[in-house]
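A.B. asks: What follows is a single structure, and I will ask about it in a moment.
The values are calculated or read from the model by the stated rules, or taken from the named source; none is laboratory data. Nothing here was measured: the structure is a model prediction, and the numbers come from that model. With ideal geometry, Cβ positions are generated from the backbone for all residues, glycine too; neighbour counts draw on all protein chains shown. The protein model used for the area step is the full one, side chains on, heavy atoms only, and it has no ligands, DNA or RNA in it. Shrake-Rupley method; radii C 1.70, N 1.55, O 1.52, S 1.80 Å.
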Amino acid sequence: MSEKIQDFESSNVSEIEFFPEDQKALITFKDGSAYEYAPVTNAMIGGLRVAGSKGSYIHHSLPRGRKVKGSRKEESELPTDPRLQSYEPDECCGNPIWRALRAGELDKAESWTCPKCGCEWKPDEEGPLRHWRPRPVLIVIR
């Protein structure tokens, strides 16, 4: 018997299902991928329930997940925008913008704000390529 963990907020995780008898968890991410984690104890699931960042907790506290076959996005859910997307490497914003690009969140966006530092990013359009670059915010101190 499984237990669905509900009523949680996450920018990366869409569904968590825990199988206590098998000590396994099936976690589905917002990009459509799903991973099975084992062994997962009740204490680990308790930590996941209260974690401020579900994705960070999964990455640092659960054993390495095994990708579940057929868990990719359905073809109808894939972005229809034919433009290629790329981004400027960045130590702070690199992972969050990569996840947003991968999930298709930036296909039609005109700008993106990093959830970590608040830096604004805008794309440069070069033919079929949209290359995202951070745009510095100027702060005037008087």
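A.B. asks: From the C-alpha gyration tensor of the chain, pull out the three semi-axes of the equivalent ellipsoid (sqrt of 5λ each), sorted largest to smallest, in whole Å. Let's see the in-between values first.
C.D. replies: Numbers: eigenvalues 224, 79, 24 Å².
Equivalent-ellipsoid dimensions as semi-axes: 33, 20, 11 Å.
A.B. asks: Moving to a separate point now. Label-point separation (nm) for Glu105 and Leu84, each offset 7 Å from Cα along Cα-to-Cβ?
C.D. replies: 2.4
A.B. asks: For a protection proxy built on the mean count of beta-carbon atoms within 10 angstrom, sort 42-48, 96-102 highest first, please. Numbers along the way, then the final one.
C.D. replies: On the way: 42-48: 14.4, 96-102: 18.9.
Most protected by this proxy first, the peptides run 96-102, 42-48.
A.B. asks: Let me ask another. Leaving ligands, DNA and RNA out of it, report the carbon-plus-sulfur percent of the accessible area of the chain at a 1.4 Å probe. Don't skip to the answer; put the middle values down first.
C.D. replies: Numbers: 4820 of 9580 Å².
C and S atoms contribute 50 percent here.
A.B. asks: Same structure, new question: Send over a whole-number figure in Å² for the accessible area per residue of the chain, probe 1.4 Å.
C.D. replies: Working: 9580 Å² over 142 residues.
It amounts to 67 Å² per residue over the chain.
A.B. asks: Let's see if you can work this out: charge +1 on each Lys and Arg Cβ, -1 on each Asp and Glu Cβ, no other charges. What is the dipole magnitude of the chain about its Cα centre, in debye to the nearest 20?
C.D. replies: Numbers: 21 positive and 23 negative charges, 69 e Å.
Dipole size: approximately 340 debye.
A.B. asks: Mean separation of Cα pairs under 8 Å and 6+ residues apart, divided by the residue count of the chain: what relative contact order is that in percent? Can you show the working numbers first?
C.D. replies: Numbers: 209 pairs, mean separation 21.7, N = 142.
Relative contact order here is 15 percent.
A.B. asks: Taking every DSSP beta bridge with both residues inside the chain, roughly what % is antiparallel (nearest 5)?
C.D. replies: Details: 24 of 28 bridges.
If I count the DSSP bridges inside the chain, around 85 percent turn out antiparallel.
A.B. asks: What is the distance in Å between the Cα centroid of region 87-102 and that of region 7-27?
C.D. replies: For region 87-102 versus region 7-27, the Cα centre distance is 25 Å.
A.B. asks: I've got another one for you. Please build a GNM for the chain, connecting alpha carbons under 10 Å apart, and tell me which residue among Glu21, Glu88, Glu36 fluctuates the most.
C.D. replies: In this elastic network of the chain, the residue with the biggest mean-square fluctuation among Glu21, Glu88, Glu36 is Glu21.
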